[in-house]
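Shown next, in structure tokens, is the structure this report addresses.
Coordinate-derived values only; no laboratory data. Note that this is a predicted model, so its numbers are computed, not measured. Cβ placement follows ideal geometry from the backbone for every residue including glycine, while neighbour counts extend to all protein chains displayed.
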């Protein structure tokens, strides 16, 4: 999911969501962090990533590194 660091203060649902309820949401309220949460539990825990770690993860997803075989 491409997001503009530091300029995405609102939660955005993943473009890879299929509508089955198993979605993640992402925001980047600051240029130094990307925050991820489970859309089914918006008050629950969040994961925080550095921009570099998030970019690496998204690249790996795009290249199929986590596809189920």
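List of remarks:
- When you count the other C-beta atoms within 10 angstrom of each residue and take the mean per peptide, 23-35, 47-59 line up highest first as 23-35, 47-59.
- With the simple spin-label model, which puts each label point 7 Å out from Cα in the Cβ direction, the residue 60 to residue 31 separation comes to 2.7 nm.
- Percent of Cα pairs exceeding the 17 Å cut-off, where the set is the stretch 8-56: 32
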